[in-house]
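The values are calculated or read from the model by the stated rules, or taken from the named source; none is laboratory data. Not measured: the values here are computed from a predicted model. Cβ placement follows ideal geometry from the backbone for every residue including glycine, while neighbour counts extend to all protein chains displayed.
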There are 2 protein chains.
Amino acid sequence: MALVKKNELIEKAKSARTASQFLSVQSSAEKDQALHAIAVQLHTDRNIIIEANRLDQERAKQNQMTPSLLDRLMLNEARIDAMAAAVETLAKLPDPIGDTLDQWDRPNGLHIQKIRVPIGVIGMVYEARPNVTIDAACLCLKTGNAVYLRGSASALETNKALVSTIKRALRQTNIPEEAVQLLEDTRHETANQFFRLNGMIDVLIPRGSSRLIQTVIKQASIPVIETGAGNCHVYIDESANPEMATRIVLNAKTQRPSVCNAIETVIVSRKWFDQFGDSLIDALLTAGVSCHIDPSAADKFPQLPTASEEDWATEYLDKIIAVKLVDTLQEAIDHINRYGTKHSESIISEDPAHVAAFFKAVDASTLYHNASTRFTDGEQFGFGAEIGISTQKLHARGPMGLNALTSIKYLIEGNGQIRE
Amino acid sequence: MALVKKNELIEKAKSARTASQFLSVQSSAEKDQALHAIAVQLHTDRNIIIEANRLDQERAKQNQMTPSLLDRLMLNEARIDAMAAAVETLAKLPDPIGDTLDQWDRPNGLHIQKIRVPIGVIGMVYEARPNVTIDAACLCLKTGNAVYLRGSASALETNKALVSTIKRALRQTNIPEEAVQLLEDTRHETANQFFRLNGMIDVLIPRGSSRLIQTVIKQASIPVIETGAGNCHVYIDESANPEMATRIVLNAKTQRPSVCNAIETVIVSRKWFDQFGDSLIDALLTAGVSCHIDPSAADKFPQLPTASEEDWATEYLDKIIAVKLVDTLQEAIDHINRYGTKHSESIISEDPAHVAAFFKAVDASTLYHNASTRFTDGEQFGFGAEIGISTQKLHARGPMGLNALTSIKYLIEGNGQIRE
């Protein structure tokens, strides 16, 4: 059996590689037609998919999966329709492949052109979220990449059904069905081999818990795009408009506390806090947010738990906020650069010099002035689609749209040039 | 001792990180002044550096280092002057940091700006080439990055002297000397820890042998930019001008056989070969190149060794060439995509349709029409400086200039926007 499984791992990778070479030269029309076929097939296969999902759900309940994870795993007609609609939207986006990004002439007469090309084979590693199966496969197809999916064991039946649907659809088009592969062997040791298929997979994109992402980073020899962790802050400057500051903090904390671009700590200028702190804390408590208060203000708020060093480093992903007081802008910047995860950081201020200093010195993918951190998102940026939010600095940083799934190549025209 | 060494590894990384935050906000003028100071100090310290290099050379001779490696290790007055001149040239290049790469408005009034920023801390891993010490440190300083150098044990004295020179120079400027760190503990187990300093080093750039690069890729958990290996081809199409084809093949093979953008195999259309093959082989043999001939032409060239499967995959880095015959363009493309290392590939042809098909289907960083592959180089591209040639598809592909040492951040201006 082990031998068969090993064969699955490698054979599917090879098959994806071959398909990727074919896919890389297909026209936008061919790729968009494939996406349309997938959307239609999702409607056709709705009952088959829901039935497969029911098996996963039953097993998950037996394994005591938490209600929130069970909800993420669950597919119903409405969710499948939403998936199909997203695929149709994706088909309508412009195709970045083949775009000329730059071109120039050299003194020796060579003409250099830099164009956008697919990456090749993308390895997606994710948890029990079946929507990622369709999302990732379709984003990869749109950009001329083959995809090798490694989902969670707890969603295996659903993923098998979804990938069968994709393959049924592709068989009606010119895109080879081998362009989408699902690793059905979900053992951890096989995953560790998957992460080291250099030469067969060009990049790994892990999506899910911080634990999953760190495992991939530690184990992989293939390049990884790190996504995810968000210990984000709003800094309320001395000059901040109190109504705006409170509104933004509430939005950034409570509009959807479980996501990476929600904030975990509000950093407040002590002068501002002396005047408006009571009403900020009141507003947070009224909104059901538990406040962990800076030790220096603990006397003033004896009813609140005191924040510790650990709070500054914690991504609560819940209706909890840490409140940090600072005397200077520099102190706020230092706190963010020390504890932040370089995701999204906002300054609320009416002082242009402070905003400029914050924009210059804070090291994060996305910095805001007088706006909520919740806008760090491919759709909110206007990218039309998102494969994840990169928290690393190489290749892609911040929300990743279709361009993040592309590479470049140089095409050089000569008339006999040799190097002297 | 192990404890002390461990402290060196971590303390220098932390110190580089702190310096990188300071360095990231320095002006172009401050950084260029530091580069100028380094160039001047290299002249001042010439004798100290040569003396240190003499110690490394003596040890290397005792260890039976090969003459070509000894030559790479050796520093003399001329070579130090060349280093200093390169640093002055670098200082004069435009600074990419702070450039606005894109900006747009969203319907909700948010204004998004995408700007270029330093990466942070760059980890350079390299062999006994002391010029890399100065090159890498200065390219990193120019782009606002701190650098953590891990050179070879056999160049340790030279590297210590060069880094002391850099630090002496930086002390006269506003750039902190901690921005350039040299790991003096050159044990392999320490290198393996170095490769896994996530959060302290942002990217590793290995430069040197394929063995070194593969070790870093296998061991590292930090993102790596893969450089180096080049199994490159010239394809002579049926329609190729025979004089041009021969001239380009000779240049690509013999102008400098030991470098990655030299070719290893010439792929020839059988029709062209029937007419011009004899004179191509003659020209190569006359230039001192040993030809390993396609088995299908072995009868015609009984004096030549026959090429085997292994030849197609070999990067000779020497005056040896494999000659592969094909019946069709597609066969040539398939051969390159199978055996090539995605570095540089050239087609010699007078047929625009064949050129277009080659440009579309061959997967490599740089494709040429009627030119030698030897132009894949930062200087030849007009980048002014080069940190290496990337053979991977993420972040940077092909020759890497200053831009390859940068990341981006988004700056977003609002007036109270929250997400509904």
Of the criteria (1) within 23 Å of the chain's Cα centre (by Cα); (2) more than 10 Å from chain A (Cβ to nearest Cβ); (3) at pLDDT 95 or above, which one B:S346 fails: (2)
On the basis of being without any contact (Cβ under 8 Å) to a residue 40 or more places away in the chain and in contact with a Phe, Trp or Tyr (Cβ under 6 Å, 6 or more places away or on another chain), does A:L367 make the cut? yes
Please state which one of A:S24, A:S28 is modelled with pLDDT under 95 and within 25 Å of the chain's Cα centre (by Cα). A:S24
Mind listing just one residue for me: the one in region B:393-409 that is within 8 Å of another protein chain (Cβ to nearest Cβ) and in contact with a Leu (Cβ under 8 Å, 6 or more places away or on another chain) and, of those, surrounded by the most Cβ atoms within 10 Å (Cβ to Cβ)? B:S407
Flag if A:A13 is at pLDDT 95 or above, within 25 Å of the chain's Cα centre (by Cα) and assigned by TED's automatic domain parsing to the domain that holds A:I175: yes
If A:N261 satisfies every condition in (1) assigned to a helix (DSSP H, G or I); (2) over 30 Å from B:G340 (Cα atoms); (3) in contact with a Phe, Trp or Tyr (Cβ under 8 Å, 6 or more places away or on another chain) but one, which is the exception? (1)
Scanning region A:103-113 for residues that are within 8 Å of another protein chain (Cβ to nearest Cβ), assigned to a strand (DSSP E or B) and free of Cβ contacts under 8 Å to residues at least 24 places away in the same chain gives A:W104
Those helices (runs of 4 or more DSSP H) completely within region B:114-231 that have 2 or more residues that are touching a residue at least 40 places away in the same chain (Cβ under 8 Å) and under 26 Å from A:V362 (Cβ atoms) are B:130-142
Just the residues that are in contact (Cβ under 8 Å) with a residue 12 or more places away in the chain and within 8 Å of chain B (Cβ to nearest Cβ), please, taken from region A:381-392. A:F381, A:Q392
Subset tally (residues that are of a type in the set (V, I, T) and over 24 Å from B:Q193 (Cα atoms)) for region B:135-169: 3
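Would you check if A:T143 is β-branched (V, I, T), closer than 22 Å to A:G98 by Cα and either in contact with a Phe, Trp or Tyr (Cβ under 7 Å, 6 or more places away or on another chain) or modelled with pLDDT of 95 or more (or both)?
yes
Condition check ((1) free of Cβ contacts under 8 Å to residues at least 12 places away in the same chain; (2) crowded, with 23+ Cβ neighbours inside 10 Å; (3) within 30 Å of A:L139 (Cα to Cα)) across all residues:
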position: A:K342; (1), (2), (3): no, yes, yes
position: A:V355; (1), (2), (3): no, no, no
position: A:L411; (1), (2), (3): no, no, yes
position: A:G414; (1), (2), (3): no, no, no
Tally of residues being under 19 Å from B:N231 (Cβ atoms), in contact (Cβ under 8 Å) with a residue 24 or more places away in the chain and out of contact with any Pro (no Cβ under 7 Å at 6 or more places or on another chain) across region B:308-337: 18
Taking region B:165-175 and keeping only residues that are surrounded by fewer than 21 Cβ atoms within 10 Å (Cβ to Cβ) and in contact with a strand residue (DSSP E or B) (Cβ under 9 Å, 6 or more places away or on another chain), one is left with B:K167
Have a look at B:L93, B:L162, B:L70 and point out the one that is surrounded by fewer than 23 Cβ atoms within 10 Å (Cβ to Cβ) and either within 26 Å of B:S209 (Cα to Cα) or touching a His at 6+ places or on another chain (Cβ under 8 Å) (or both). B:L70
If we take region A:347-420, then strands (runs of 3 or more DSSP E) inside it with 1 or more residues that are over 19 Å from A:L93 (Cβ atoms) are A:366-371, A:388-390, A:406-417
If we keep only residues of region A:222-260 that are within 21 Å of A:A136 (Cβ to Cβ) and within 11 Å of chain B (Cβ to nearest Cβ), then the residue surrounded by the most Cβ atoms within 10 Å (Cβ to Cβ) is A:I225
Any chance B:M65 is out of contact with any Asp or Glu (no Cβ under 9 Å at 6 or more places or on another chain), modelled with pLDDT under 95, farther than 21 Å from B:A155 by Cβ and hydrophobic (A, V, I, L, M, F, W, C): no
In region B:285-299, residue surrounded by the most Cβ atoms within 10 Å (Cβ to Cβ) [restricted to those that are out of contact with any helix residue (DSSP H, G or I) (no Cβ under 8 Å at 6 or more places or on another chain) and in a loop (DSSP other than H, G, I, E, B)]: B:D294
